[in-house]
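Notes follow once the structure below has been shown.
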Amino acid sequence: MNSRKIVATIALLGIGFLFFPACGHKEPVRHLASDVCLLVQGQSTKQEVLTYLGPPDERRSTGEGIEEWIYYETRKSLMRKTPLVGNRLGYEEKEMAIVSFDNNVVRACVIRQFDDQKKTTGPGQEE
């Protein structure tokens with residue numbers, strides 16, 4: 001094989017690496033907003049929350065027997081996942097779910113969404 005073919009092959013592999021970052025790489029799929037919709041306020045238990053959402057990213061106690069579990073999810077466009085230049089391309093969205101418990105039962109669920117410009121959306125809020 002001559003050196004031109006070797007260089008061309010390496011160049012094609014490099015281009016493939018840049019433009020097809022998701023191929024062969026499988027991240028666990030999590031749909032935070034739809035998973036939270038499976039919870040029923042006043043009925044769902046901590047065990048059900050663990051089943052649907054998994055372990056929380058954070059836990060905090062607000063006093064008076066109220067505990068909150070916080071979940072985070074980041075979704076990136078395919079262009080944002082591109083190695084080396086992805087942080088300048090595409091978009092990134094973040095979601096946060098707060099599940100409040102009174103003893104062992106879900107008291108409330110709140111979803112917040114954040115985009116690249118750090119705008120917050122959620123119940124009762126405008127962009």
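The values are calculated or read from the model by the stated rules, or taken from the named source; none is laboratory data. Every value quoted in this text rests on a predicted model; they were computed, and no experiment measured them. All Cβ positions, even for glycine, are placed from backbone atoms using ideal geometry, and neighbour counts span all protein chains on display.
Just the residues that are in a strand (DSSP E or B) and exposed (fewer than 12 other Cβ atoms within 10 Å of the Cβ), please, taken from region 37-59. Can you show your working first?
At the first step, the residues of region 37-59 found to be in a strand (DSSP E or B) are 45, 58-59.
Across region 37-59, the qualifying residues are E58, R59.
Note down all Cβ pairs under 6 Å where the first residue falls in region 63-83 and is more than 27 Å from T51 (Cα to Cα), the second is surrounded by 14 or more Cβ atoms within 10 Å (Cβ to Cβ) and at pLDDT below 80, and they're at least six residues apart or on different chains.
S77/G90; M79/G90; R80/G86; R80/G90; R80/E92; K81/P21; T82/P21; P83/P21
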